[in-house]
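Novice: The structure under discussion is supplied below as structure tokens; questions concerning it will follow.
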Amino acid sequence: MGSEPEPGCALRPFAVEQGLLSRPDGSAAFVQGDTSVLAGVYGPAEVRSSRESPERAALDVLLRPKVGLPGVLERSREQMVRRACEAALLGELHPRSSVTLVLQVVSDAGSLLSCCLNAACLALLDAGLPLRSLFCGVTCALAPDGAVALDPSARQEKEARAVLTFAFESTEKRLLLSTTRGACSAKELHQCLALAQRATDTIFQFYRDSARRKFSKS
Amino acid sequence: MAAGFKTVEPLEYYRRFLKENCRPDGRELGEFRATTVNIGSITTADGSALVKLGNTTVICGIKAEFAAPPVDATNKGYIVPDVDLPPLCSARFRPGPPGEEAQAVSQFIADVIENSQIIMKEDLCIVNGKLAWVLYCDIICLDYDGNILDACTFALLAALNNVQLPAVAINEETGLAEVNLKQKTPLNIRKYPVATSFAIFDDTLLIVDPTAEEEDLATGTVTIVTDEEGRLCSVHKPGGSPLTGAKLQDCITRAITRHKEVKQLMDKI
């Protein structure tokens with residue numbers, strides 16, 4: 001199912017397909033404009049004794065780029081997605097088990113990290129894992145003239161002075177993850193933060209609609 | 001008796017201190033550990049710096065070598081950072097290929113160099129399209145006691161400040177580069193990025209410069225990198241407990257103060 005962007009929101013049209021893979025416990029394909037990421041979740045499952053924790057589930061994230069082998073950038077992103085998911089996941093309900101989240105980049109046309117975060121959240125939902133809150137990712141691009149563009153395309157990201165990616169949780173819209181490329185002033189940061197926070201309303205409503213759609217058909 | 005309580009309930013033990021607005025090592029919540037820097041200790045490197053942030057010890061060595069400039073930017077050189085967290089620094093790192101932590105820190109340092117424009121890559125070009133400098137920045141942690149990001153950023157900055165590049169002349173007849181080791185010039189450092197890391201406790205409290213124990217007990221971390229103009233070069237919050245915009249602004253304010261402290265230290269060397 002898909003959605004059209006609301007006027008004034010400036011997000012590209014997004015769509016999701018849940019439960020499309022048969023082997024993982026949960027899966028979701030999230031499409032934002034031309035950027036598309038496929039996420040699969042296995043868990044709670046058997047854990048290696050080295051990773052075992054008696055207090056919570058051990059979460060592993062694997063990010064596979066579209067071409068080539070995963071490098072340092074992918075490892076850094078895996079760490080960010082993992083720590084964001086750990087904050088949202090109620091790992092305490094599944095001690096001594098593991099949850100594996102695999103993200104496959106299908107196409108990259110800008111805002112890749114937010115697309116990965118959105119796909120991850122919907123895949124965790126599809127797997128039925130207990131979550132403290134939902135989360136979503138939003139990317140902002142600061143153009144050289146100071147204009148802010150949400151959910152930038154690859155070209156907008158390249159021309160931007162700074163690209164900021166944020167993740168927010170759904171209960172109080174607090175900041176869960178932040179990563180920036182390029183430099184900006186504190187005022188510009190807060191401006192982007194406020195704009196991104198408002199955009200999350202659309203995304204969370206979309207999550208609810210897709211969950212409603214999924215359960216009403218069957 | 002306190003040691004027993006600390007082993008059994010480390011989080012409760014720590015909360016007792018936080019209630020009194022201090023930490024087990026006696027610091028305030030917003031206080032940094034003693035920072036010391038020693039430059040030029042590696043004589044075989046073109047630039048080096050050793051930074052100690054309390055017990056956390058990080059050394060950065062920079063070697064300059066020749067390379068052909070990239071095809072899509074013929075007037076630029078390269079800066080290649082690499083952070084190594086060897087088994088020497090902490091029991092949590094095993095020998096073998098770099099783990100996730102080392103790779104994440106390497107990526108962070110590469111991003112800081114890129115975002116803050118600490119040196120212009122154009123300054124590293126010797127002959128457009130033919131020859132350029134490549135600076136290999138190797139950062140090695142010798143003692144891991146938390147706050148590795150701040151220590152690595154500072155070590156890199158101090159080492160780059162210490163780099164002396166020899167003069168290069170292209171011999172007209174042979175076309176080869178001739179290095180004159182007697183004539184050395186320092187790098188043109190344009191910006192001075194300084195990282196300030198915070199640990200988030202119980203979703204609400206922010207403590208500055210966490211030790212390794214505090215990082216293990218924390219529910220999240222935030223790192224802010226500022227330059228001397230107060231511009232944010234990086235707001236790095238890799239997941240963890242959520243923060244409000246107001247708390248983030250508190251972090252930014254503290255980071256700007258920390259920048260002044262570090263700049264004073266840099267000016268002395």
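The values are calculated or read from the model by the stated rules, or taken from the named source; none is laboratory data. Since the structure is predicted, the reported quantities are computational estimates derived from the model, not experimental observations. Neighbour counts are summed over all protein chains in view; Cβ atoms, including those assigned to glycine, are modelled from backbone coordinates with ideal geometry. With ligands, DNA and RNA removed, areas are computed over all heavy atoms of the protein, side chains included. Shrake-Rupley method; radii C 1.70, N 1.55, O 1.52, S 1.80 Å.
Novice: List, by residue number, every residue in region B:101-132 with a reduction of 40 Å² or greater in accessible area between the chain on its own and the complete protein assembly, 1.4 Å probe.
Specialist: Residues passing the criterion (a loss of at least 40 Å², heavy atoms only) are B:GLN103, B:ALA104, B:GLN107, B:ASN115.
Novice: Same structure again: Based solely on its DSSP helices, what 222 nm [θ] is calculated for chain A when runs of n ≥ 4 H residues each add -39,500 (n - 2.57) and the sum is averaged over all residues, nearest 500 deg cm²/dmol? Working shown, then result.
Specialist: Details: 4 runs with 70 residues, N = 218.
Rounded to the nearest 500, the figure is -11000 deg cm²/dmol.
Novice: Please report how far the C-alpha centroid of region A:180-215 lies from that of region B:166-230, rounded to the nearest whole angstrom.
Specialist: Using only Cα atoms, the two centres lie 31 Å from each other.
Novice: Then there is this: Å³ per residue of the Cα convex hull, for chain B?
Specialist: Per residue, the Cα convex hull of chain B comes to 148 Å³.
Novice: Carbon and sulfur atoms: what percent of the 1.4 Å accessible area of chain B do they account for?
Specialist: Carbon and sulfur atoms account for 52 percent of the accessible area of chain B.
Novice: On to the next question. So which GluC sites (Glu not before Pro) in region B:9-44 are both in a DSSP loop and have at most 12 other Cβ atoms within 10 Å of their Cβ?
Specialist: B:GLU20
Novice: How many partner chain Cβ atoms sit within 10 Å of a residue's Cβ in peptide A:81-93, on average, as a whole number?
Specialist: 3
Novice: Continuing with this model, one more query. Solvent-accessible area per residue for chain A at a 1.4 Å probe radius, Å²?
Specialist: Values: 9770 Å² over 218 residues.
Accessible area per residue: 45 Å².
Novice: Averaging sequence separations of C-alpha pairs under 8 Å and six or more residues apart, then dividing by the length of region B:1-157, give the relative contact order as a whole percent.
Specialist: 28
Novice: Moving to a separate point now. How much length is gained if the chain between A:HIS190 and A:LEU69 is pulled fully straight, taking 0.36 nm per residue apart and subtracting their Cα-Cα distance, in nm to one decimal?
Specialist: Contour length minus the Cα-Cα distance gives 40.0 nm.
Novice: Next up: For region B:26-268, what is the accessible area per residue in Å², given a 1.4 Å probe and the full set of protein chains?
Specialist: 43
Novice: Of the heavy-atom accessible surface of region A:113-153 (probe 1.4 angstrom), what whole percent is carbon and sulfur?
Specialist: Values: 510 of 930 Å².
Here it works out to 55 percent.
Novice: Something else about it: May I ask you to find the residues of region B:187-235 that are shielded by at least 50 Å² of accessible area once the whole protein assembly is considered instead of their isolated chain (probe 1.4 Å)?
Specialist: SASA drop of 50 Å² or more in region B:187-235: B:ARG231, B:LEU232, B:VAL235.
Novice: If I model a spin label as a point 7 Å beyond the Cα along the Cα-Cβ vector, how far apart are those points for B:LYS6 and B:GLU100 in nm?
Specialist: Spacing of the two 7 Å Cα→Cβ label points: 2.8 nm.
Novice: Which value, in square angstrom to the nearest 100, describes the accessible area buried between chains A and B on both sides, using a 1.4 angstrom probe?
Specialist: Buried area between the two chains comes out at roughly 2600 Å².
Novice: Given R₀ = 51 Å, FRET efficiency for B:LEU18-B:THR174 by Cβ-Cβ distance, to 0.05?
Specialist: Efficiency at R0 = 51 Å is approximately 0.15.
Novice: HN-Hα J couplings of region B:216-227 from phi, Karplus 6.51/-1.76/1.60, θ = phi - 60°, integer Hz, Gly and Pro as x?
Specialist: Here the 3J(HN,Hα) series is 5, 8, 6, 9, x, 9, 9, 10, 10, 10, 10, 10 Hz.
Novice: Taking only Cα atoms and a 10 Å spring cutoff, compute GNM fluctuations for chain B and point out the largest among B:THR257, B:THR57, B:THR153.
Specialist: Top of the fluctuation ranking is B:THR257.
Novice: Using a Förster radius of 22 Å, what is the FRET efficiency between A:SER107 and A:LYS158 based on their Cβ-Cβ separation? Nearest 0.05, please.
Specialist: About 0.85, to the nearest 0.05.
Novice: A further question follows. Within chain A, which DSSP H helices have Cα atoms that stretch 15 Å or more along the helix axis and a mean Kyte-Doolittle hydropathy of at least 0.0?
Specialist: Counting only whole DSSP H runs, the qualifying helices are A:112-126.
Novice: Same structure, new question: Shape call for chain A from the C-alpha gyration tensor, a ≥ b ≥ c root eigenvalues: rounded (a/c under 1.5), prolate (a/b greater than b/c) or oblate? Present the calculation step by step, with values, prior to reporting the outcome.
Specialist: Working: a/c = 1.69, a/b = 1.44, b/c = 1.17.
Cα axes put chain A in the prolate bin.
Novice: Same structure, new question: Looking at region A:158-196, which residues lose a minimum of 30 Å² of accessible area between their chain alone and all protein chains in place, measuring with a 1.4 Å probe and not counting ligands or nucleic acids?
Specialist: At a threshold of 30 Å² (probe 1.4 Å), the residues of region A:158-196 that become less exposed are A:ARG174, A:LEU175, A:LEU176, A:SER178, A:THR180, A:GLY182, A:ALA183, A:CYS184, A:ALA186, A:LEU189, A:HIS190.
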